[in-house]
Amino acid sequence: MTAQINKEAVAAAAASLRETMAKLALEQGRQLTPALRKRLYEQGHTLYEAARYEEAYAVFVQLIAEDPFNPLGLKAAAAAAQAQGKHEVALGFYVPLLMTTEDPVNLMHFAECLLKLGKTEQAREALDLAQLQCVGEEHGAVREYCATLQRQVSRC
């Protein structure tokens, strides 16, 4: 993918987002349809991929406002906050995910945030739990990355 195509995709996503937000304003408080939620997520994802994390975060927070327990929205908002260095905010989005899913990736990112905040003991515990959830080959890369993070924690 060339930089030009990426810029065009981002410009299109921004235009589509403005259109979607205008529709939201017209709906005046009605809940988003599943199709509109999906479209917002896709627009936020496009912004995230273009490293426009603040804008992506705003889109993902809108999704969470409409559906506070949507794991995809929570994970996306957490990732966008983490990408901006807002680790405390990201932790707040990861917590409900940790309570409702058993995805070691969520624990791994939770531990990354804890490490950035200097909370090494909590990070160590999160990494231990993440590795316990890594079963099978599908989590091989996560298991290896968690081991790398554990080595970093042990040096702190």
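Observations
- Evaluation of Ala78 against the conditions (1) more than 19 Å from Cys113 (Cα to Cα); (2) touching a His at 6+ places or on another chain (Cβ under 8 Å) shows that the sole unmet condition is (1).
- Members of the range 43-71 that are at pLDDT below 95 and open to solvent by 60 Å² or more (accessible area, probe 1.4 Å): Ala65, Pro68, Phe69, Pro71
- For the residues Gly85, Gly118, the requirement of being open to solvent by 50 Å² or more (accessible area, probe 1.4 Å) and either over 30 Å from Gln31 (Cα atoms) or in contact with a Gly (Cβ under 8 Å, 6 or more places away or on another chain) (or both) singles out Gly118.
- Subset tally (residues that are under 18 Å from Lys86 (Cβ atoms), in a helix (DSSP H, G or I) and charged (D, E, K, R)) for the range 97-156: 2
- Checklist (1) among the hydrophobic types (A, V, I, L, M, F, W, C); (2) surrounded by fewer than 21 Cβ atoms within 10 Å (Cβ to Cβ); (3) modelled with pLDDT under 95 applied to Leu40, failing item: (2)
- Some residue of the range 8-31 being modelled with pLDDT of 95 or more and open to solvent by 70 Å² or more (accessible area, probe 1.4 Å): no
The values are calculated or read from the model by the stated rules, or taken from the named source; none is laboratory data. None of these values were measured; they are calculated from a predicted model. For neighbour counting, all protein chains shown are included, and Cβ atoms are generated from backbone atoms with ideal geometry for every residue, glycine included. Only protein heavy atoms, including side chains, enter the accessible area calculation; ligands, DNA and RNA are left aside. Shrake-Rupley method; radii C 1.70, N 1.55, O 1.52, S 1.80 Å.
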